[in-house]
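Below is one structure; the comments refer to it alone.
The values are calculated or read from the model by the stated rules, or taken from the named source; none is laboratory data. Values in this document were obtained by computation on a predicted structure and should not be read as measured data. FYI the Cβ positions are ideal-geometry reconstructions off the backbone, even for glycines, and counts take in every protein chain you see. Just so you know, the surface numbers come from the protein's heavy atoms only, side chains and all, with ligands and any DNA or RNA stripped out. Shrake-Rupley method; radii C 1.70, N 1.55, O 1.52, S 1.80 Å.
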Amino acid sequence: MAFDFDLIVIGAGSGGVRAARISAGHGARVAVIEESRAGGTCVIRGCVPKKLLMYGSAFSADAEDSAGYGWQVDVQGHDWSALISAKDAELDRLEGIYKSLLANAGAELIEGRGTVTGPHSVDVNGKTITAERILVATGGWPQIPDVPGLREHAITSNEALDLPACPESIVIYGAGYIALEFASIFNGFGVDTHVVYRADLPLRGFDADIRTELAVALADRGITLHAGCTISEVSEDSGSKRVVLSDGATIVVDQVMAATGRVPNTAGLGLEEVGVALGDRGEVRVNAASQSSVSSIYAVGDVTDRVNLTPVAIAEGHAFADSAYGGRPRQVTHENIPSAVFTQPPIGSVGLDEDMARKTHGDVDVFVSKFRAMKNTISGRPEKTLMKLIVDRATDRVVGAHMIGPDSGEIMQGIGVAIVAGATKADFDATIGIHPSAAEEFVTMRTPRAD
Ligand code: NDP
């Protein structure tokens, strides 16, 4: 059968664009369908604008810290709309780059909403197009729990990046990556920031010591943490939002943001109708080659709900393209993926947390270093840096590294290489430190913590 294309990609985000342009580079005839803007979550409404706002908000703490170094800084306030305009201009530039990446690779970008109508066919703008393979790369979307008034009155991270004015106060619901990064952003801009979450500690899934230290640091920076709480009701009264908590407290704020997780974007895509198996959260169920239960339909990135990070989607998209069109079948490993949480202070992490390491390896040695970063001594900021290495006693391999403190995200990338390469604690010990730095602590921790 003659198809219109070799590959139709639905979704021009990080994973879809990578898969499309590498496939086209291997000689495939590729169409990419996108209903919104090229670039997807990461570029348009996630990592990139979030980090630009984070950089913007961090200057207030820098200004405070500079006083200890003799600077006399008189901060006159912040022009929110100037920042949003600058951010928007940067996103326009990046969207243009994404479009030209596709065009230069020879992939055709079709603007519209794609709906799968068969194992080889997709409807877009009222027209059916066909391909030997279909790749679903539609990402995820914020989910808001069913709490009275929450859906009507809360924004999500999508809107938080485009607010016409900076609120004076905000309640953020949830304590995952998105909630805490936005809490740090708003707090840095002087917003009275409350974080409401049901667990005892923020950031489930991270090492317990890091979570504990993070809670202390966020509170020290002025964020009010409502641990062990849920939101019972949200209502609006003359422009203000009243948030009732499960502990009986009521907080009145300008803005409420739900950051209570994301769900895979498969609703209305036609996948189940053509026999693609979906999981409980609506994710496309795929094998290690990113192939769904329909052999011509593949999926990569957040829509598969494996590890929901941009570089993972990119790696999955690239591996798909090399396997399908490059004559180089390969799979992506989902172990030892470094990640960072761009809170203030930031967190970096790779490998197993202490609990998981004990469950997986039994006997482990844990090395911990907690200190005040040199910059904070003169500035007077009390915040502590915490670093942790977890070592499998039987093999001496480092199976987890975790850090909270300045530059954690940057430092952890290199540690990630070592861990992926199977470095032992002896290798870390044999590495000379960079002095004076915080990072050198990772190669100078000598005494394991007593069990
Ligand atoms: P997360 O899953 O990380 O966090 C969701 C938060 O919402 C948790 O605190 C969770 O609580 C809470 N929650 C979920 N459901 C409910 C509910 N019904 N009622 C009350 N609270 C609830 O999701 P995010 O939206 O923060 O991030 C989505 C994904 O995006 C992340 O997993 C990450 O992979 C990616 N991401 C990565 C970033 C990075 O690399 N820096 C930045 C931003 C996002 P509990 O823990 O108790 O379940």
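Give the ranking of Asp220, Asp88 by solvent-accessible surface, highest area first, calculated with a 1.4 Å probe.
Numbers: Asp220 95, Asp88 55 Å².
From most accessible down to least: Asp220, Asp88.
Ligands, DNA and RNA excluded, the heavy atoms of Ile178 present near 50 Å² of accessible surface to a 1.4 Å solvent probe. Taking a point 7 Å from the Cα of Ser240 along the Cα-to-Cβ direction, the residues of the stretch 107-151 with backbone N closer than 20 Å to it are 149-150.
Here each label is just a point 7 Å from Cα along the line to Cβ, and for Asp363 and Arg449 those points are 2.0 nm apart. If both residues of a DSSP beta bridge must be in the chain, then about 60% of such bridges are antiparallel. Against the chain, whose longest principal axis comes from its Cα atoms, helix 14-25 is set at around 50 degrees.
Sequence-distant contacts, meaning Cα pairs under 8 Å at least 6 residues apart, place the relative contact order of the chain at 16 percent.
Provide the gained length on full extension for the span His334 to Ser85, in nm with one decimal, where the gain is 0.36 nm per separating residue minus the Cα-Cα distance. Working shown, then result.
Details: separation 249, 0.36 × 249 = 89.64 nm, distance 3.70 nm.
In short, 85.9 nm is gained.
Cα-Cα pairs above 27 Å in the stretch 64-203: how many percent? Looking at the stretch 64-203, the distances longer than 27 Å represent 50 percent of pairs.
Working with all protein chains in place, sort Lys87, Lys127, Lys51 by solvent-accessible area computed with a 1.4 Å probe, largest first.
Working: Lys87 5, Lys127 125, Lys51 45 Å².
Listed by decreasing accessible area, they come as Lys127, Lys51, Lys87.
Helix 80-105 axis versus longest C-alpha principal axis of the chain: approximately 40°, rounded to the nearest ten.
For Val216 and Thr395, the difference between the fully extended length at 0.36 nm per residue and the C-alpha to C-alpha distance is 61.0 nm. Relative contact order of the stretch 109-151: 22 percent, from C-alpha pairs under 8 Å at least 6 residues apart in sequence. For the chain, lysine pairs separated by 8 or more sequence positions, or belonging to different chains, with Cα-Cα distances below 16 Å total 6.
Across all directions, the shadow cast by the convex hull of the stretch 339-451 built on its C-alpha atoms averages 7.0 square nanometres. Note on Ser121: accessible area approximately 20 square angstrom, rounded to 10, probe 1.4 Å, nucleic acids and ligands left out.
Arrange the residues Ser437, Ser290 by how much accessible surface each exposes, largest first, with a 1.4 angstrom probe.
Numbers: Ser437 40, Ser290 5 Å².
Listed by decreasing accessible area, they come as Ser437, Ser290.
Extension gain, Gln72-Glu152: 0.36 nm per intervening residue step, less the Cα-Cα distance, totals 24.3 nm.
Kindly identify the chain as rounded, prolate or oblate by the Cα gyration tensor criterion: order the square roots of the eigenvalues as a ≥ b ≥ c, call it rounded if a/c is under 1.5, otherwise compare a/b with b/c, prolate if a/b is larger, else oblate. In terms of gyration-tensor shape, oblate. Pairing the Cα long axis of helix 408-420 with the longest principal axis of the chain, what angle in degrees results, from 0 to 90 and rounded to the nearest 10? Roughly 60 degrees, rounded to the nearest 10.
Let me check I've understood the local charge: for Gly239, count other residues with C-beta under 12 angstrom from its C-beta, Lys and Arg +1, Asp and Glu -1. What total comes out? Present the calculation step by step, with values, prior to reporting the outcome.
Values: positive: Lys241, Arg242; negative: Glu168, Glu236, Asp237, Asp254.
Every neighbour counted, the sum reads -2.
In terms of the Cα gyration tensor, with a ≥ b ≥ c the square roots of its eigenvalues, is the stretch 403-451 rounded because a/c is under 1.5, prolate because a/b exceeds b/c, or oblate? Judged from the Cα gyration tensor, the stretch 403-451 comes out rounded (a/c under 1.5).
Taking all protein chains as present, what is the carbon and sulfur share of the accessible area of the stretch 11-153, in % to the nearest whole number, probe 1.4 Å? Please report the intermediate quantities before stating the final value.
On the way: 3520 of 6760 Å².
Looking at the stretch 11-153 in its full context, I get 52 percent from C and S.
Given a Förster radius of 35 Å and the C-beta distance between Glu64 and Ala165 as r, what FRET efficiency does 1/(1 + (r/R0)^6) yield to the nearest 0.05? Numbers along the way, then the final one.
Numbers: r = 24 Å, r/R0 = 0.68.
After rounding to 0.05, the efficiency reads 0.90.
Shape class of the stretch 84-123 from the alpha-carbon gyration tensor: oblate, with a/c at 1.5 or above and b/c at least as large as a/b. Ranking His78, Ala107, Leu91 by Cα position along the charge dipole of the stretch 36-114, where only Lys, Arg, Asp and Glu carry charges on their C-beta atoms, puts Ala107 farthest toward the positive end. Given the protein chains as shown and a 1.4 Å probe, how many square angstrom of Glu35 are accessible, to the nearest 10? Near enough 120 Å² of accessible area. Glu35: net charge of surrounding residues, Cβ under 13 Å, Lys/Arg +1, Asp/Glu -1, itself excluded? For residues surrounding Glu35, the net value is -1.
With pairing defined as another cysteine C-beta under 4.7 Å, the cysteines of the chain that fail it are Cys166, Cys229.
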